[in-house]
Amino acid sequence: MMLQTQLADLIHKAARKAQKKGDLPKFELPEITINRAKREGQGDFSSALALQIIRPVNNARKEKGERTLSPLQVAEIIARRMDQVDFVSKVEPAKPGFLNLTIDPGWLAAQAGEITRVGAEYFQVELGKGERVQVEFVSANPTGPLHFGGARNAAIGDTLARLLENSGYEVQREYYINDRGAQVDIFGETLWRRYQQLHGIETDIPEDGYPGAYMIDYARAIQAERGDSLLALSDEEAVPRFRGMGLALVTAELADDLGMMRVFFDNWFSEQSLYEDGTFEHVSAILRDQGDLYLKDDAVWFAASKYLPKSDRDEVFIRSNGEPGYYASDIAYHYNKFITRGFDRVIDVWAVDHQNQAARMPAMLKALGIDPDRLIVVLYDLVTLKRGGKEVKLSKRSGEIVTMREVLEEVGPDAARYLLLSRSNEARIDFDIDLAVAESSENPVYYVQYAHARVSSILRKAEEAGVDYTNADLSLLTCPEELALLQKMLQLPEIVTEAVQRLAPHHLPHYALDLAKTFTKFYDACRVLSADPADREITHARLTLVRATQIELAYVLDLMGMNAPEVM
RNA sequence: GCGCCCGUAGCUCAGUGGAGAGAGCGACAGUUUGCGGAACUGUAGGUCGCAGGUUCAAAUCCUGCCGGGCGUACCA
């Protein structure tokens, strides 16, 4: 159990006991929150419980005609009722009413041994209890290569999935393929025209088609496989054929590109399939039977406003041309997620320009009888690319785009993932290519990985020297840098909990940098390896601490989908 | 116009109810015959956009305003 949870339990029990024994009046206690101390002399953790409950305490006392208490006195009362435990060495009430707790240094030192014994599991928090959650992300239109903006989606979605997997959730990663509708029809037609052009036929691509050169590459791939055998097709025959072949090419390419980013999907879900397997029909029937659909201006509308008290906006369900609207697909898709496949929770990762769409999701879920809280849409802001201090446009009017692949080839997946994760979802990112490739101190990616390489180097040297530190006397770990490192290490479960509960993966890179920093300070202050026999014991203890650090650094890097290099 | 998000150190950003607001980079001044110097130490730098309010306690919650981004389709 997380240290803070244990401390909160301890204080809760003490307060309850004080109430039972009559030291404090009886009333429902608030949830106990534990804060990390910010400065020296305030212990390691604190609780402000006494301040929070001062009013009900004194109200009750006044009713009984008793004298009122100060928050500090209440803190003292709680402190007196606290159980003795091995991990807390000091409990100090402090003005104006805090309760400061100090972690026992001996217990702290012993955790280095626990970590080496248990491994990365030591840092895992059981939050999911086996809950099945789907993370749907990227889901870019399958009409061309992934542009670099999609890389942020990939980094966020995949890291959320990793966080959840390591916190007791059963996770599925899904890519939703928008393989039907006008967009892909035009894509198919463009491809067909490009194919014809390759064979010397004079024809233009559609006006609102896809002008990018990559379309010619796809046409070449088809040409390579089928030669000119498809030229005889009529337009009516060709467009769907080319649409299908193009989609297959693009999805294979998407999977390949995402693999470069170390992102792998468990499932690629076809939008079209919702219309082939009857889901759409079924959902339509449900809504129709509930009276949620109505006809207006030759289109069928879904009465979304019925389910959202603050909104008077309805959504087109079937357009006047007879084609289902995008929202209709979304209803069917989420019916499939929650009802057909029965996920307990679904996370959709969308760019912020889909904010309105996100706001409309609760209405459909309510109409389907699904608790809207089971779906969380994670919105993230856009990415701009910078090179030489200047912004590089991700997509140009010519149809050319800066692809995720070309950026990855330049900066590598580690730097890309770290930098794309390092800002909160709502913040816009300026991705500086020059910084991403810089092998210098200004690049945090290298600082973190370098710490791991350095740790590995020490352990490698120890192994070469045949040092066996398995039964080290960890009580020797007493200097400030050693204890600071241990404190920092034990913070990870809090960070992970925060990241999972708020679906905010940006806490990871910040923590990783912090951890690397704290280790490097220890490294600088405390010599680990020594040939002097007098240093034998302390060397063994410190090697245990270094090994524990290695386990944790590797784990944090893995949560971010990054490599933990032993040599750089 | 309306809706959502953002506004914190020179720059890039953490911090969403707890004590005196943090980190990285940059600037300045130092450190080093050892485990990887891609290092370490120190200094300077802030009306937390502005104004009210709630609270024992506000960068954090509420209201209004200012500035910026995004959105406001029978597109996905």
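Report, in debye and to the nearest 20, how large the dipole of region A:182-260 comes out about its Cα centre when Lys and Arg carry +1 and Asp and Glu carry -1 on their Cβ.
220
Can you pull out the trypsin sites (Lys or Arg not before Pro) in region A:1-99 whose DSSP state is coil and whose Cβ has at most 16 other Cβ atoms within 10 Å?
In loop regions of region A:1-99 (DSSP not H, G, I, E or B), the sparsely surrounded trypsin sites (Lys or Arg not before Pro) are A:K21, A:K26, A:K38, A:R39, A:K64, A:R67.
Would you mind telling me the antiparallel percentage of the DSSP bridges in chain A, rounded to 5?
50
Could you give the accessible area per residue of region A:3-103, probe 1.4 Å, as a whole number in Å²?
Result: 59 Å² of accessible area for each residue.
About the Cα centre, and with charges only on the beta carbon of Lys, Arg (+1) and Asp, Glu (-1), how big is the dipole of chain A? Nearest 20 debye, please.
Taking the Cα centre of chain A as origin, the dipole is about 2820 debye.
How large, in percent, is the carbon and sulfur part of the accessible surface of region A:3-103 at a probe radius of 1.4 Å?
45
Helix A:214-226: angle to the longest alpha-carbon principal axis of chain A, degrees 0 to 90, nearest 10?
For helix A:214-226, the angle is close to 60 degrees.
Under a 1.4 angstrom probe, counting protein chains only, how are A:K129, A:K337, A:K296, A:K521 ranked by accessible area, largest first?
The residues order as A:K129, A:K521, A:K296, A:K337, largest area first.
Using protein chains only and a probe of 1.4 angstrom, how many square angstrom of A:I103 are accessible, to the nearest 10?
About 10 Å², ignoring ligands and nucleic acids.
Can you bin chain A into rounded, prolate or oblate? Criterion: square roots of the alpha carbon gyration tensor eigenvalues sorted a ≥ b ≥ c, rounded for a/c under 1.5, prolate for a/b above b/c, oblate for the rest.
It comes out oblate by the Cα gyration axes.
How about A:K306: which lysines have a C-alpha closer than 18 Å to its C-alpha, ignoring those fewer than 8 places off in the same chain?
A:K296, A:K366
Counting only C-alpha contacts under 8 Å and six or more residues apart, can you give the relative contact order of chain A as a whole percent?
With pairs under 8 Å counted, the relative contact order is 15 percent.
Ignoring everything except DSSP H segments at least 4 long, calculate the 222 nm mean residue ellipticity for chain A; use -39,500 (n - 2.57) per segment, divide by total residues, nearest 500.
Here the helix-only value at 222 nm equals -15500 deg cm²/dmol.
Give the carbon-plus-sulfur fraction of the accessible surface of region A:182-260 in %, rounded to a whole number; probe 1.4 Å, heavy atoms of protein chains only.
Ligands and nucleic acids excluded, carbon and sulfur give 47 percent.
Report the net charge of residues surrounding A:I458, where surrounding means a beta-carbon distance below 12 angstrom and charges are Lys +1, Arg +1, Asp -1, Glu -1.
Around A:I458, the surrounding residues sum to +3.
If you line up the long axis of helix A:507-525 against the longest principal axis of chain A, both from Cα atoms, how many degrees apart are they, to the nearest 10?
The answer is roughly 40 degrees.
Per residue, how much accessible area does region A:265-424 have with a 1.4 Å probe, in Å²?
Here the residues of region A:265-424 average 48 Å² of exposed surface.
Using a 1.4 angstrom probe on the protein heavy atoms only, could you order A:W192, A:W268 from most to least accessible area?
A:W268, A:W192
What's the magnitude of the charge dipole for region A:352-462 around its Cα centre, counting Lys and Arg as +1 and Asp and Glu as -1 at the beta-carbon? Answer in Debye, nearest 20.
160
Just to confirm, what accessible area per residue do you get for region A:182-260 at 1.4 Å probe, in whole Å²?
Here the per-residue accessible area is 50 Å².
For every other residue with a beta carbon closer than 10 angstrom to the beta carbon of A:L379, add +1 if it is Lys or Arg and -1 if Asp or Glu, then tell me the sum.
Here the count lands on -4.
Enumerate the residues in region A:509-540 having an amide nitrogen under 18 Å from the point lying 7 Å beyond the Cα of A:L476 toward its Cβ.
Inside the label zone: A:522-540.
The values are calculated or read from the model by the stated rules, or taken from the named source; none is laboratory data. Since the structure is predicted, the reported quantities are computational estimates derived from the model, not experimental observations. For neighbour counting, all protein chains shown are included, and Cβ atoms are generated from backbone atoms with ideal geometry for every residue, glycine included. Please note that ligands, DNA and RNA were not included when accessible areas were found on the heavy atoms of the full protein model with its side chains. Shrake-Rupley method; radii C 1.70, N 1.55, O 1.52, S 1.80 Å.
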